[in-house]
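For reference, the structure is listed below as structure tokens.
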Amino acid sequence: MMYLKSAYEIRDKYLRKDMLPTIFCPGCGIGSVLQFTLRAIDDLGLNQDEIVWVSGIGCSSRVPGFVNFDGLHTTHGRALAFATGIKLTNPNLKIIAFMGDGDTAAIGGNHFIHAIRRNLDVTVILINNFTYGMTGGQVAPTTLKGLRGTTAPYGQFENPFDIAGLAVAAGANYVARWTVFNYLQGINSIKKALSKEGFTLVEFLSPCPVSFGRRNRMKTAPELIRWYQKITVPLAKAKKMPPEELEGKIVIGEFVDRDRPGLVREYQEYIKRAKRMMGWEQ
Amino acid sequence: MIIRGDEPEQIKLLRKLYKPGNYFMQGNEAVAYGALFAGCRFYAGYPITPSSEIAETMARELPKLGGYYLQMEDEIGSIAAMIGASWTGFKVMTATAGPGFSLMQENLGYAVMTETPLVLVDVQRSGPSTGQATKGAQGDFFQARWGTHGDHPIVAVSPTSGQDAFWEIIRAFNIAERLRTPVVFLFDGILAHTRELVKIPDVDEVKITYRKLPQNEEEAKLPFGDPHGDGVPPMPLFGHGYFTHVTGSTHKENGLRDVYTPEVHDRLVRRIHRKIEQNRHVYEKYEEHFTDDAEILVVSWGVTARPALGAVLKARREGIKVGLFVPKTVHPFPGERMRELGKRVRAVLVPEMNLGQMILEVQRFVNDDVLLKGVNKIGGVPLTVEEILREIRGVA
Ligand SMILES: Cc1ncc(C[n+]2csc(CCOP(=O)(O)OP(=O)(O)O)c2C)c(N)n1
Ligand code: SF4
Ligand SMILES: [Mg+2]
């Protein structure tokens, strides 16, 4: 029922009309993920006035400019550090960080793991298109071995990061990964992520036909989606597979769902402890 | 939600915690206490000598005031977190030294472009690179001015003692808030670690300012406009339902990105410059000693202004007509006053702990027929009264 609202209704309520059309190329997955996120917000009945969207630089990071919310479009890779100051000083605000894979795992890698370590109360929506889309298709820290980018024209020779895996290891409260094809799971995951305390991340494998697909014999979004279907394995199935078979595959599903106290709560406890230690409070 | 330094509850706390009176304290502590009096309730930083005592004092004191202290993963993150907190309405500060100041340049530019008030303390130490980590210097004069890329204005304040630092950091916050701009506080490793007399005043003696907030929906919808003609737009804060969009990319008065229209960029960047230029009265400050009849002028700043004053006093006793000019706001440089003074003297000496930085600003405002000479020392040891006096005698 809940997802049957027309796209027009969602668009009119949440998008800045004067900023349309978006910059996204035909077949780009970012618009889909944006729609999932808006539907999740709508479905949860969250207050538009109490959400701040933050981002860095990249195609994915342009999203806050298109939505009717407070937004901070910052510097490449730094969104989560900016978010830390917003969230801590105004805990009423819910923070959504819309990030690219390069933004998150390359230039912003340090902010990313430390925001998770602190368990910053934020929901990261990660657009993993295996490339630097905005700058024209250079390889990213997520580019799978052998795939091509303008800066690895003979195929990537470095190992890729598994960003969701990194987030689990660093201590995030909720981590899931889907492809843009997993419409329902994606929205459900975002809803869950938005409802939780602490650091939550939903990663989407998202087609970038223009900067990435084109250079890897997948010129269109449907080709990229078919490729996702080939390389992804649902978590339950992956658990039963021998490691050799998982080589080169990407596992999708919900990787962790736990309830460690978030940064806001920890800091509030810290202030209370300080006051107790000062002898001001029992 | 915002913790303001001028709330009755906070004033009561300040009085209870920091009794007025004379204290023997480090320059770094004076900066921290000054910031607390100024209303700073959010600090994010990364430890670095010789600035760490500012972080340590803030870490100890801010929780008592209900404020926030965060040790970030690096200086890039520190200034980013500050900017985030500034957009919820907090007065924010960080302190660092050269290597960290270098890392902060990226987001310092972001703060200029997004007109985010903040105070960035750079406790200058001997560089380049790690240099002499524990030693003071004045080598970041132009890094403060031009460290971040692109055309941009900047305000930088530099104190000359611990006591001065207490009041000047308050002034730095007031400027940042009045003009909705980042302010750099150019301190140095020597003053930072010198313990001397600092008088803590009663809270009532401290006048603090807060940024303009939008008075109506219309103002709130133009967070980068100029509704009052003073170049300073009111700042809508996050969480008030205005759907404020903030970006370091070129934006229109309503905050929305437009990087393709040349006029939009021109209008924005020129207004940000005009905001600083036309509000000189908000930040311009300098000190003068014996400039009325001076034939020789010493121009100095920060830590070096002290031995410079000592040398001028001694030279005066020897009958040399020498005066001292000390810019306290070093950027924008008080050029008009420099020009007037420069017309009346035949020699200008510029002592500083670098190989000649402020002297280049001085040079822009004095005529070629005036003898202009730097008195420069590096290596982490301050200039002495004798060293400066010798130079004064040399041109007398
Ligand atoms: C400090 C800095 N370095 C480099 C750039 C140039 N740059 C802009 S976007 C980008 C990569 C974007 O890739 P990603 O984060 O994956 O986002 P996407 O465009 O793919 O969504 C780069 C390198 C920049 N803006 N800032
Ligand atoms: S370059 Fe790629 S990621 Fe960027 S808008 Fe185009 S398709 Fe989307
Ligand atoms: Mg990408």
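The values are calculated or read from the model by the stated rules, or taken from the named source; none is laboratory data. Since we're looking at a predicted model, the values are computed, not measured. Note that each Cβ is placed from the backbone with ideal geometry, even for glycine, and that neighbours are counted across all protein chains shown.
Does residue A:111 qualify as being in contact with a Pro (Cβ under 6 Å, 6 or more places away or on another chain), facing chain B (nearest Cβ under 8 Å) and buried (at least 24 other Cβ atoms within 10 Å of the Cβ)? Lay out the reasoning, then the answer.
On the way: in contact with a Pro (Cβ under 6 Å, 6 or more places away or on another chain): no; facing chain B (nearest Cβ under 8 Å): yes; buried (at least 24 other Cβ atoms within 10 Å of the Cβ): yes.
Against the criterion (in contact with a Pro (Cβ under 6 Å, 6 or more places away or on another chain), facing chain B (nearest Cβ under 8 Å) and buried (at least 24 other Cβ atoms within 10 Å of the Cβ)), residue A:111 does not qualify.
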| message | Just checking, does the stretch A:63-80 include any residue being in contact (Cβ under 8 Å) with a residue 12 or more places away in the chain, assigned to a helix (DSSP H, G or I) and either away from ligand 1 (no atom under 16 Å from the Cβ) or among the acidic types (Asp, Glu) (or both)? | response | no
| field | Residue list for the stretch B:71-89, restricted to those being facing chain A (nearest Cβ under 7 Å) and in contact (Cβ under 8 Å) with a residue 24 or more places away in the chain | value | B:72, B:73, B:74, B:76, B:77, B:80, B:81, B:82, B:83, B:85, B:87, B:88
| query | Can you name the residue in the stretch A:120-132 that is within 22 Å of residue A:189 (Cα to Cα) and either touching a Lys or Arg at 6+ places or on another chain (Cβ under 6 Å) or within 16 Å of ligand 2 (Cβ to nearest atom) (or both) and, of all such residues, is farthest from the other protein chains (Cβ to nearest Cβ)? | reply | A:130
| query | For the stretch A:81-108, what are the residues that are surrounded by fewer than 24 Cβ atoms within 10 Å (Cβ to Cβ) and away from ligand 1 (no atom under 12 Å from the Cβ)? | reply | A:90, A:91, A:92, A:93, A:94
| query | Pick from the stretch A:81-99 the residues that are assigned to a strand (DSSP E or B) and β-branched (Val, Ile, Thr): which of them is nearest to the other protein chains (Cβ to nearest Cβ)? | reply | A:95
| note | Residue hits (the stretch B:90-119; under 18 Å from residue B:168 (Cβ atoms) and not hydrophobic (A, V, I, L, M, F, W, C)) are B:91, B:94, B:96, B:117
| Within the stretch A:133-144, can one find any residue that is away from ligand 2 (no atom under 16 Å from the Cβ), out of contact with any helix residue (DSSP H, G or I) (no Cβ under 9 Å at 6 or more places or on another chain) and not small (Gly, Ala, Ser)? | no
| request: All but one of (1) more than 14 Å from chain B (Cβ to nearest Cβ); (2) not in a helix (DSSP H, G or I) hold for residue A:43, so report the exception by its number. | output: (2)
| query | For the stretch B:94-117, what are the residues that are without any contact (Cβ under 8 Å) to a residue 60 or more places away in the chain and under 17 Å from the mean Cα position of the chain (by Cα)? | reply | B:94, B:96, B:98, B:100, B:101, B:102, B:104, B:105, B:107
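Can you find even one residue in the stretch B:177-195 that is over 24 Å from the mean Cα position of the chain (by Cα) and more than 14 Å from chain A (Cβ to nearest Cβ)?
First, the residues of the stretch B:177-195 that are over 24 Å from the mean Cα position of the chain (by Cα): none.
No, the conditions are met nowhere in the stretch B:177-195.
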| So residue A:33 fits all but one of (1) touching a Gly at 6+ places or on another chain (Cβ under 9 Å); (2) without any contact (Cβ under 8 Å) to a residue 40 or more places away in the chain; (3) within 16 Å of ligand 1 (Cβ to nearest atom); what number is the exception? | (2)
| Which one of A:31, A:27, A:102 is within 15 Å of ligand 2 (Cβ to nearest atom), away from every other protein chain (no Cβ under 11 Å) and outside any helix (DSSP H, G or I)? | A:27
| remark: Residue hits (the stretch B:204-233; more than 29 Å from residue B:105 (Cβ to Cβ) and under 22 Å from the mean Cα position of the chain (by Cα)) are B:205, B:206, B:207
| task | Name the one entry in A:184, A:120 that is more than 14 Å from ligand 3 (Cβ to nearest atom), part of a loop (DSSP other than H, G, I, E, B) and either modelled with pLDDT of 95 or more or under 30 Å from residue A:45 (Cα atoms) (or both). | result | A:120
